[in-house]
Amino acid sequence: MEQGRQGRDDRSPIALECDVLVVGGGAAGLAAAVTAARQGLKVTLLERYGFCGGAAVAGLSGTVCGMYEASDDAARPPVQAVFGFLDEFVARMEARGGLTGPVRYGKTFTRVHDPLAWRETADDLLTDAGVQVVYHTVVTEVLCDGDRLRGVRGYTKQGPLTASARLVVDASGDADLAVMAGLPCTVGDEGRVQNPTMIFRMMGADVDRLKAAEGEDSILGPHVSDLIAKLHAQGEYVLPRSKIFLFPTPRPNEILCNVTRVIGRDGRELNPLVAGDLTEAEVEGRKQVRQYERFLKNHIAGCAEAFVNDTGVQVGVRQTRQIVGTSRLANADVLAGRKFADGIARSPWPIELHSGAKPKLEWLMEDVYEVPYGCFVPERGEGLLVTGRCLSAEHEALASARVTAQCFSYGHAIGHAAAIAVKEGMRPRDIDGRDLRQVLNRDGARLD
Ligand SMILES: Cc1cc2nc3c(=O)[nH]c(=O)nc-3n(C[C@H](O)[C@H](O)[C@H](O)COP(=O)(O)OP(=O)(O)OC[C@H]3O[C@@H](n4cnc5c(N)ncnc54)[C@H](O)[C@@H]3O)c2cc1C
């Protein structure tokens with residue numbers, strides 16, 4: 001079929017109808033879509049890229065943090081604290097050889113994934129659950145009746161897409177739908193968000209030599225930070241972040257480098273919600289990658305022959321908007337390991353605040369905190385739940401609550417909540433988080 005003849009736009013619009021519409025295929029959106037579909041609902045997932053994984057894959061964040069408790073006892077083996085959908089994802093990734101075992105990260109452990117295996121695992125999970133997926137769809141507008149969300153409009157190459165749903169889940173990471181619907185959101189610490197990082201991978205590394213020289217911890221020691229700060233001050237390199245993380249990946253001779261701190265050309269912190277800042281972050285991020293590559297090759301054992309084989313598809317964006325929910329996770333809740341009767345996810349992860357030259361880490365020892373259901377229920381507006389890193393949380397609490405294992409848990413919980421809302425004809429705000437907790441326990445989340 002020829003299109004666009006005689007100056008007409010005759011692309012055919014797409015109209016979809018479903019029970020639950022999930023926007024965004026990051027860890028949270030994937031878990032929400034699969035979970036809701038497994039409850040017998042018709043589920044559609046829209047994603048702007050051609051693959052799932054979001055910040056973990058397109059942003060190459062690269063490791064699944066938040067699975068294990070932290071401890072001061074260096075001899076303590078990894079103690080898993082988070083269960084449920086995550087277990088299934090991990091098992092499927094392991095079956096593909098796409099996930100390392102636990103890797104030391106300061107006082108806890110993380111696991112490094114292969115982003116290609118992630119994409120394939122997500123495709124399989126969605127296909128097996130019967131989710132209708134439309135990749136390469138950017139959602140640009142919400143459809144509302146008064147304060148009730150009915151669906152969304154999006155851009156596809158085929159033409160405009162309209163999707164109507166009984167319940168919509170905003171898994172965009174950026175609370176895009178909430179803000180389009182005019183619902184209240186907050187941005188960072190009075191508008192200041194954590195800095196973006198351009199993550200990259202290097203092949204040709206001698207991982208054994210690296211570990212022999214620097215130890216098993218993926219957070220490199222103070223002697224490396226001091227050297228980076230010195231070389232940066234001398235003007236030999238541009239290295240604005242001195243505390244760096246290097247993770248051997250599941251692929252031979254490859255390391256994942258979480259080392260950059262992307263700031264503006266004028267030294268200003270960039271805000272990824274500003275189009276010009278996000279563009280500058282991409283360009284500056286790529287430049288910084290080459291600076292850190294040169295530093296690693298010249299100064300870190302095992303890296304002399306290594307080379308950059310890949311950067312993130314996009315600069316890694318840690319934080320943008322948070323919704324204002326019926327509950328809000330407070331900084332103090334994280335530090336105190338607070339539990340809630342309506343807690344629907346657990347987290348043992350420290351506050352890991354990326355701001356300034358050294359990321360700040362505040363650990364929670366041999367304990368977890370819980371995240372209440374209300375953090376995912378917008379304070380006002382109906383027909384909408386959010387999931388993932390745009391939950392309702394204070395700035396530093398978010399610096400803990402945003403990591404991947406928790407995003408799987410949030411998706412698992414919100415997939416069930418969406419199914420309850422549709423099947424029982426309930427408003428999400430009327431669902432009792434304590435009941436949802438029981439549903440999750442029956443589905444392997446082991447919250448009690
Ligand atoms: C630099 C960096 C390093 C990190 N390091 C780690 C780490 O080592 N370990 C760890 O566990 N976590 C890490 N994180 C955090 C973690 O990766 C993310 O917080 C988590 O993956 C977020 O998952 P999510 O599903 O909430 O959102 P996202 O992964 O952001 O997913 C949102 C999805 O929605 C899509 N989307 C957005 N807007 C639209 C739209 N309008 N229309 C259609 N689709 C849309 C996006 O393309 C994306 O796929 C890091 C994050 C960054 C940025």
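When only Cα pairs below 8 angstrom with a gap of at least 6 residues are kept, the stretch 150-232 shows a relative contact order of 12 percent.
Compared with the alpha-carbon gap, the fully stretched path from N441 to R380 is longer by 19.1 nm at 0.36 nm per residue.
Ordering of 28-39, 386-397, 337-348 by packing is 28-39, 386-397, 337-348, highest average first (other Cβ atoms within 10 Å, averaged per residue). With contributions of -39500 (n - 2.57) from each DSSP H run of at least four residues, the per-residue ellipticity at 222 nm computed over the chain stands at -9500 deg cm²/dmol. Taking every Cα-Cα distance in the stretch 200-311 and sorting them into 5 Å bins starting at zero, the pair-distance distribution P(r) comes out as 2, 12, 22, 23, 18, 12, 7, 3, 0 percent.
Candidates V82, L41, G54 compared by Cα position along the dipole of the stretch 1-128: farthest toward the positive end lies G54, with charges placed on Cβ. Stick to Cα atoms and the Kirkwood definition of Rh, then tell me Rg/Rh for the chain. Answer for the chain: 0.97. On full extension, the segment bounded by D430 and R153 gains 97.0 nm, given 0.36 nm per residue less the C-alpha separation. Considering only alpha-carbon pairs that sit under 8 angstrom and 6 or more positions apart, the relative contact order computed for the stretch 222-264 is 30 percent.
Label positions at V324 and D72, each projected 7 Å from the Cα along the C-beta direction, are separated by 4.1 nm. Ordering D208, D448, D310, D170 by the number of other Cβ atoms within 10 Å of each residue's own Cβ, fewest first, gives D448, D208, D310, D170. Per residue, the average separation of C-alpha pairs within less than 8 Å and at least 6 apart gives the chain a relative contact order of 22 percent.
Computed from Cα atoms, the angle from the helix 433-442 axis to the main principal axis of the chain rounds to 70 degrees.
The antiparallel fraction among DSSP beta bridges confined to the chain stands at about 70%.
With a ≥ b ≥ c the root eigenvalues of the C-alpha gyration tensor of the stretch 378-448, is it rounded (a/c under 1.5), prolate (a/b larger than b/c) or oblate? Taking the square roots of the gyration eigenvalues as a ≥ b ≥ c, the stretch 378-448 is oblate.
Since every read-out is calculated from the coordinates, none of them should be taken as a lab result. Just so we're clear, the structure is a prediction, and the values are computed from it rather than from any experiment. Neighbour counts are summed over all protein chains in view; Cβ atoms, including those assigned to glycine, are modelled from backbone coordinates with ideal geometry.
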